[in-house]
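The values are calculated or read from the model by the stated rules, or taken from the named source; none is laboratory data. Since the model is a prediction, treat every value here as computed from it, not as a measurement. Here the Cβ is made from the backbone with ideal geometry for all residues, glycine too, and neighbour counts use every protein chain on show. What goes into the accessible areas is simple: the full protein's heavy atoms, side chains included, and nothing from ligands, DNA or RNA. Shrake-Rupley method; radii C 1.70, N 1.55, O 1.52, S 1.80 Å.
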Amino acid sequence: MNPKVEKALNEQIHAEFFSFYLYLSVSAYFTAIHLEGFAHWMRIQAQEESGHAMKLFDFLNERGGTVKLLPIDAPTREWASPSAAVETVLNHERAISERINKLVDLATSENDHATTVMLHWYVSEQVEEEATADTLFHQVKMVESNPHGLLMIDRELAARPAPVAATQGE
Ligand code: FEO
């Protein structure tokens, strides 16, 4: 496998596992402030992130690349408000989208068509994840001074179903 692409995919596996960690940390924060619906939603998202990492892990193996797992830093643990926690998630998703776009650029310039096609799934996924985080952030901002509104969002988030197959990242 092209060594530049292999290295970049390993770095993306790392970024997705960091996302897993970050969402878990946000989930723990929401549990600590008794917003269990938010905590549930973030925990489900963490599962999705682990799926994103594993999809790349499987692809690298399938293509004869070498998986090299990297150390994961501790994520932020505390936020000043629910909207600040959701804003961290939104900014993180934007940064992940930039990374994915750069990966597509690299795979394309290296003529690695298999990787380019595989990454298209991530490009679409990022459009959805950014949009979801953006909506949630703005809704939380809108109701932040109104506990009733926050509890209504909390109830909605509690209904998020678990991913069908976490390891598929779907
Ligand atoms: Fe795997 Fe939320 O990006």
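Residue check: is Arg77 within 16 Å of the ligand (Cβ to nearest atom), open to solvent by 30 Å² or more (accessible area, probe 1.4 Å), more than 16 Å from Thr132 (Cβ to Cβ) and among the basic types (Lys, Arg)? In short, no. Taking (1) part of a helix (DSSP H, G or I); (2) at pLDDT below 95 in turn, Met1 satisfies each apart from (1).
Taken over region 46-69, the residue count meeting the criterion of being open to solvent by 10 Å² or more (accessible area, probe 1.4 Å) and either touching a strand residue (DSSP E or B) at 6+ places or on another chain (Cβ under 6 Å) or within 16 Å of the ligand (Cβ to nearest atom) (or both) is 8.
Out of all the residues in region 66-79, is one or more of a type in the set (Asp, Glu) and part of a helix (DSSP H, G or I)? So far as region 66-79 goes, no, none of its residues is of a type in the set (Asp, Glu) and part of a helix (DSSP H, G or I). Residue pairs whose Cβ atoms lie under 7 Å apart, sitting 6 or more positions apart in sequence or on different chains, and linking a residue in region 148-165 that is free of Cβ contacts under 8 Å to residues at least 12 places away in the same chain to a partner that is surrounded by 14 or more Cβ atoms within 10 Å (Cβ to Cβ), are Gly149/Val143. When the criteria are applied in full, Arg94 meets the requirement of being free of Cβ contacts under 8 Å to residues at least 40 places away in the same chain and assigned to a helix (DSSP H, G or I).
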